[in-house]
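Structure, as structure tokens:
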Amino acid sequence: MDRTTQHRITVCTSCRHKGTECRPGYELIEKLRKAIAAAGDSIAEDFAISGVACMAGCDRPCTVAYHGTQKATYLFGDITPEDDIDDLVAFARQYAVLHDGWCSSVDRPGKLRKSTLARVPAAMIALEDSKALVS
């Protein structure tokens, strides 16, 4: 793996469980940071974990995004701090070694197979394709 690759996991901190003031994003960030640090391999060095005020997944709290340099970005919804940490860590391991970040839903771990809200191609790929169309 290219050690210059930057990976980021971003968690929505404004998502609320319907009808409550509970914002599970803060708890999810804390649990995910601990789980990644405890993973005992290089993913702790490869991933920064942070929160953001909103990712427009309000109907599917809590939302989590995986980003990587020149990689597809993923947005997952319906993530819970109590149940989904293992799947999130497993996907971090998987995503770290995917050259372009692209993988099929059947290849994603556990709940992430069915909770994908978006997969956005890497900006670099989109720019290259646009240049080819103009030529």
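The values are calculated or read from the model by the stated rules, or taken from the named source; none is laboratory data. Just so it is clear, the structure is predicted and the values come from calculations on it, not from any experiment. Ideal geometry is used to build each Cβ from the backbone, glycine not excepted, and the neighbour counts take in all protein chains shown. Keep in mind that these areas ignore ligands, DNA and RNA; they rest on the heavy atoms of the full protein, side chains included. Shrake-Rupley method; radii C 1.70, N 1.55, O 1.52, S 1.80 Å.
Can you give me the relative contact order of region 29-105 as a percent, contacts being Cα pairs under 8 Å and 6 or more apart?
Computed value for region 29-105: 32 percent relative contact order.
Net length available on complete extension from Arg16 to Ala56 is 13.2 nm, with 0.36 nm assigned per residue and the Cα-Cα distance removed.
Counting only protein heavy atoms and a 1.4 Å probe, region 45-115 has 45 square angstrom of accessible area per residue. Spacing of the modelled spin labels on Lys34 and Leu98, each 7 Å from Cα toward Cβ, amounts to 2.8 nm.
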